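Report on the structure given below.
Derivation of every value follows stated rules applied to the coordinates shown; laboratory data play no part. Please read all numbers here as calculations on a predicted model, not as lab measurements. Ideal geometry is used to build each Cβ from the backbone, glycine not excepted, and the neighbour counts take in all protein chains shown.
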Amino acid sequence: MAVKRDYYEVLGVSRSASIDDIKKAYRKLAMQFHPDRVEESKKKEAEEKFKEISEAYAVLSDPEKKRLYDQFGHEGIDSRFTTEDIFRNANFGDIFSNGFGSIFGDLFSDLGFDIFGTGGRRPHSSARQQRGRDLALDVEISLEQAFKGIEKEVSFSCNQVCPSCKGSGAAPGSKKIICPACKGSGVIYTSAGFIRLSQTCSSCGGEGKIITHPCPECGGRGFVRKRKKLTVKIPAGIKNGSSLRLRGEGENLGSGAGDLYVRVHIKKHSLFERDGDDIFSLQKIDLYTAVLGGRVEVSTLDGKVKMSIPEGTQPGAVFRLRGKGFPSLRRGTRGDQFVKVQVEIPKNLSSREKELFQQLSEIKNNPSFRERIKRAFR
Ligand SMILES: [Zn+2]
Ligand SMILES: [Zn+2]
C-alpha cells in the first residue's frame, strides 16, 4: 500500500482547525469526489480519493483518535485500529443527514466499509440482511497428533438459519406482504420546503416487505441458536497456535454464513521438545556404551529406531537423526531429531566391579612401560 498522506493535508486544513472547519472541509471534498458525480473514466481514482478523505475525517473528527494522531502520527492510529475500527465509530450520519445518508451509506458499503454499524446501508434493517459473524474456537491435540495429522470433531453453539421458515421469518404457509408504509420501496420520502428527503422505512427496515405471521420456531427472526458438530481436518505438521479457517461454518442469519476459525494448541510432550520442524530429546546411555561405543534404541515420533554411539562419546554429546522431525507444511520435507546423550555412571558396585575399576584406574595412572612408549610417540 502507498504511504499514507498526512490527514490534515488530505483535508486541506491546518493542524489547529476546529471540528467545524474539519467537517466543512470534508463535506466539500466528499461532494467533489463522490464517485457517482465524476465521469466513468475517473471513477476509480475518485473512489480512492473518497476513501482517503473519509479516513482522514473519521480520525480527525474523533477526539480520542485525533489526540493519538496528533501525538504519534499514522503509527498511533494504525497500531491500535483496523480500517474498520477507524470507520466504525465515525459520525458520518451527522455530515450526510438530510437524505444523503443513504447515498453515502451505499457507497461506503460498496467500498467495503460498514459505517453505519450493523447492517451498513440500512441502519434499521433486520439481522437477516447481514452475513453471519465469524466464530473462533480452540482445540487441543497431542504432539503425536500434530505430527500425523488428525480429524478432530468439534461442537459449538451458533446462530443458524431457521430450518422451519428457511430464514424468511414468516410462518410456514404464510407469505410476506408488501410493506404498506413504503409500498415496497423500503424508503419513505418527506418534503421540507422544495427539498425532498428520503429515509429508510422504519416499518420494514428497508426491506419493502413485512411478515404478518411470524414463524413460531424462531419468532420471526429467521435464525435459531443451535449446536453444530463438525469434523476438522488438522494437517500433519501444524504449528502450535495456528488457526484453520473453515469457510461458511460460522454464524448464519440467513444471508450468508461467516467463517469458523479453529485455533490449534499442542500439548507439551514428556519426551519431545519441538522447535519449528525439529525435535529435541534426551537419551540415557550406560557408561560402557559411552566408552566402548554401541547401538541404542531411541524413541522418535515414528517409533523406535536404532542409533549408533561412537566409542568415547562424552556426556552431553548431541546426535542428529535426519528426517525424524516434523513434516514441513510448506516444503514437503522433514525436520531432524536431535538426541542429547546423558551418561549414567554406575552406582552400588559389587566388590568385583570395584576391583576392575580399580585396575582400570591403575592402568590410567601407572601405565606399563609399553603403554608409556606408545603414548610418547603417538
Ligand atoms: Zn423460523
Ligand atoms: Zn416499508
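Here are some notes:
- Start at zero, step by 10 Å, and the Cα-Cα distances of the stretch 273-347 spread as 20, 47, 24, 7, 1 percent across the bins.
- For the residues 214, 367, 235, a GNM of the chain with alpha-carbon springs under 10 Å puts the largest fluctuation on 367.
- Karplus 3J(HN,Hα) series, Hz, for the stretch 198-208 with 6.51 cos²θ - 1.76 cosθ + 1.60 (x for Gly, Pro): 10, 9, 5, 5, 7, 5, 10, x, x, 7, x
- Mean-position separation - Cα centroids, the stretch 273-288 and the stretch 3-60, in angstrom: 61
- Taking only the alpha carbons of the stretch 131-208, we obtain Rg and Dmax values of 23.6, 75 Å in that order.
- Set of aspartates and glutamates near residue 176 by C-alpha distance (under 15 Å), chain-local residues within fewer than 8 positions excluded: 207
- Largest GNM mean-square fluctuation among 239, 347, 183, using the chain with Cα springs under 10 Å: 347.
- Farthest towards the positive end of the charge dipole of the chain, among the residues 156, 293, 262, is the Cα of 293, using unit charges on the Cβ of Lys, Arg, Asp and Glu.
- Database remark: amide H of residue 179 closer than 5 angstrom to the amide H of 184, 209, 210 (H placed geometrically; neighbours at sequence offset of 5 or more, or on other chains; Pro and chain starts carry no H).
- By the beta carbon rule, with partners counted only under 4.7 Å, the chain holds these lone Cys residues: 158.
- Equivalent ellipsoid semi-axes, the stretch 199-337, via Cα gyration tensor eigenvalues times 5, rooted, Å: 60, 13, 11
- Protection-proxy order for peptides 351-358, 289-296, each taking the mean of Cβ atoms within 10 Å per residue, highest first: 289-296, 351-358
- Translational diffusion of the chain, estimated by Stokes-Einstein from the Kirkwood radius over alpha carbon pairs at 20 °C in a medium of 1.002 mPa s, is 76 µm² per second.
- Computed extension gain for residue 365 through residue 189, at 0.36 nm per residue and net of the alpha carbon distance, reaches 52.5 nm.
- Amide hydrogen neighbours beyond the local backbone of residue 257, cut-off 5 Å, H modeled: 132
- Once C-alpha pairs closer than 8 Å and six or more residues apart are averaged by separation and normalised to the residue number of the chain, the relative contact order reads 13 percent.
- Taking a straight line from the alpha carbon of residue 43, these lysines sit under 25 Å away, with near neighbours fewer than eight places off in the same chain left out: 4, 23, 24, 28, 51.
- Using the Cβ of residue 309 as centre and a radius below 12 Å, the other residues enclosed give a net charge of 0, where K and R count +1 and D and E count -1.
- With R₀ set to 56 Å, the beta-carbon distance separating residue 24 from residue 278 gives a calculated FRET efficiency near 0.35.
- As a proxy for reagent exposure, 363, 238 were ordered by neighbouring Cβ count within 10 angstrom, fewest first; the result is 363, 238.
- About the centre of its Cα atoms, the chain shows a dipole size close to 1140 debye [charges on the beta carbon of Lys, Arg (+1) and Asp, Glu (-1) only; nearest 20 debye].
- Whole-Hz couplings from phi, Karplus 6.51/-1.76/1.60, listed for the stretch 53-59; x for Gly and Pro: 5, 5, 5, 4, 5, 4, 6
- Long pairs among 229/267; 284/374; 152/324; 152/268, criterion Cα-Cα beyond 28 Å: 284/374
- The stretch 299-315 - phi-based ³J(HN,Hα) in whole Hz, Karplus 6.51/-1.76/1.60, Gly and Pro as x: 7, 10, 5, 8, x, 7, 9, 8, 10, 7, 10, x, 4, x, 6, 8, x
- Nonlocal amide H pairs with residue 272, under 5 Å, H built at 1.01 Å: none
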